[in-house]
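Report on one structure; see the data block that follows.
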Amino acid sequence: MNVLGFESSCDETGVALVALEAGGRPRLLGDALHSQIEMHQAYGGVVPELASRDHIRRVLPLARQVLAQAGATLASVDVVVYTRGPGLAGALLVGAGVAVALGAALGRPTLGVHHLEGHLLSPFLAGDAPEFPFIALLVSGGHTQLMRVDDVGQYALLGETIDDAAGEAFDKSAKLLGLGYPGGPALARLAEQGNPRAFALPRPLLHSGDLDFSFAGLKTAVLTAHRKLGSRPGDDALADLAASTQAAIVDVLAAKTLRALQQSGLRRLVVAGGVGANLQLRQALTAGAARLGARVHYPPLHLCTDNGAMIALAAALRLQRGLASLRSDGAFDVRPRWPLADEATASLPTRPASAVSPPLG
Ligand code: KG4
Ligand code: ZN
């Protein structure tokens, strides 16, 4: 069975074809991506209307590219899937509309996939795929969550950010330092030349005893430190501040993730989402997990940020387990705000519902 997947939730248009063989592991046959980073750079962030228009321009040429790469034809596609949410409404509608139109034209069913489930399951696209159960750290531009994952669709939220996401902390701090968008990779690059101990920045909630995060205060501390450097800070001082900011974010993420691993007694950790591409974070988690006798699984580096492969894969894994509600009526919707818990078929609540903060978009 071949699954054609479309991702268009934010600033990347991704299309991929995944083959699902009975009992076997899903295989990636083709994968193409267009990043809008250059287009949004001029504005210092994602402009939703421009994002939607660009998805429209890119999506069909990318689909053709994927089929050519896979040596496949549209007739060989059995299911068409798309990111249903969370994300930018207009951007999501492009992928959803194209997928459902294609499904109707081909006489094939469609399925809307949760973007975070895509990230969460993306390590299954690596050569060394994890086994269930595992602890997952999901760190993207809009989400920072720790989860216990017992199987596809079995997700228990252990902790999450109470304000900004880790990716937002990188992006907003980078903006304060005058670096471009997206800030994460830019800040990480500058940090390579700096001293991570040069500035004593806060480690919010490090000792809170729970598995929640808070990054909003860090941004203020970075702003204050930056102001103290005067109107024309030197390159070394900026690199030191970038390195100190990265160290503060990585310290908290690593400490809480390792605590979750230890508390669960599990020996497998999955790290997914754009911030999972951060090399300092990878080093801290790999070293910390090794001390606990645990292994860390990452998606291939180029599949850490948004892509179509993770969407086609998540759909394939759901189909394999009979967890997909396929549609053939040509109807669809998108869910710009959509908690992953809604997609959990057997969630194991580990903390009172009242303690769960509202989902970020
Ligand atoms: O998962 P993703 O591609 O998109 C969302 O679903 O949000 O994550 C994007 C986020 C951005 O905040 C970006 O700055 C961050 O991931 N990011 C990084 C790195 N690469 C991407 N943050 C830190 N270090 C990196 N190397
Ligand atoms: Zn994402």
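FYI, it's all coordinate maths here, none of it is from the lab. Predicted, not measured: the structure shown is a model, and the values here were computed from it. Cβ placement follows ideal geometry from the backbone for every residue including glycine, while neighbour counts extend to all protein chains displayed.
Details
- Estimated at 0.36 nm per residue, the fully extended path between Ala75 and Met1 surpasses their Cα-Cα distance by 25.5 nm.
- Given the chain, longest segment not containing exposed loop GluC sites (Glu not before Pro) (DSSP; at most 11 other Cβ within 10 Å): 132-361
- Taking the Cα atoms of the chain, the ratio Rg/Rh between the radius of gyration and the Kirkwood radius comes to 0.98.
- Between region 223-265 and region 1-74, the Cα center-to-center distance that results, in Å: 33
- Interchain or long-range residues, amide H under 5 Å from Leu158's placed H: Leu146, Met147, Arg148
- Principal axis analysis of the Cα atoms in region 133-298 yields extents of 52, 28, 27 Å, listed in decreasing size.
- Formal net charge of residues neighbouring Tyr43 (Cβ-Cβ distance under 14 Å; K, R +1; D, E -1): -3
- Rounded to the nearest whole Hz, the Karplus-based 3J(HN,Hα) values (6.51 cos²θ - 1.76 cosθ + 1.60, θ = phi - 60°) of region 269-274 follow the sequence 10, 10, 10, 9, x, x, with x at glycine and proline.
- Using 0.36 nm per residue and subtracting the Cα-Cα separation, the extra length available between Arg227 and Leu301 on full extension is 23.2 nm.
- Summarising the label geometry, the points placed 7 Å from Cα in the beta-carbon direction at Arg57 and Arg267 lie 5.2 nm from one another.
- Kyte-Doolittle at least -1.0, axis length at least 30 Å by Cα - qualifying DSSP helices, the chain: 48-70, 235-264
- The loop-placed trypsin sites (Lys or Arg not before Pro) in region 181-230, going by DSSP, that have at most 11 neighbouring Cβ atoms within 10 Å of their Cβ come out as Arg197.
- Taking Gly107, Gly276, Gly234 as the candidate residues, the one with maximal mean-square fluctuation in a Gaussian network model of the chain, Cα springs under 10 Å, is Gly234.
- Lysine pair count for the chain [Cα-Cα under 19 Å; pairs on different chains or 8 or more apart]: 5
- Three principal axis lengths of region 1-141 [C-alpha, angstrom, descending]: 47, 40, 23
- Antiparallel beta bridges, as assigned by DSSP with both residues in the chain, represent about 60 percent of the total such bridges.
- For region 153-238, fraction of C-alpha pairs farther apart than 21 Å, in %: 35
- Taking other residues whose beta carbon is less than 11 angstrom from the beta carbon of Leu187, and scoring Lys, Arg as +1 and Asp, Glu as -1, yields +1.
- In order along region 321-330, phi translates into HN-Hα couplings of 9, x, 9, 9, 9, 5, 10, 10, 9, x Hz, rounded to whole numbers, per the Karplus curve 6.51 cos²θ - 1.76 cosθ + 1.60 with θ = phi - 60° and x for Gly and Pro.
- Between Ala101 and Asp333, full extension at 0.36 nm per residue minus the direct alpha carbon distance yields a gain of 82.2 nm.
- Three-way shape call for region 61-137 based on the alpha-carbon gyration tensor, with the a/c threshold at 1.5: oblate
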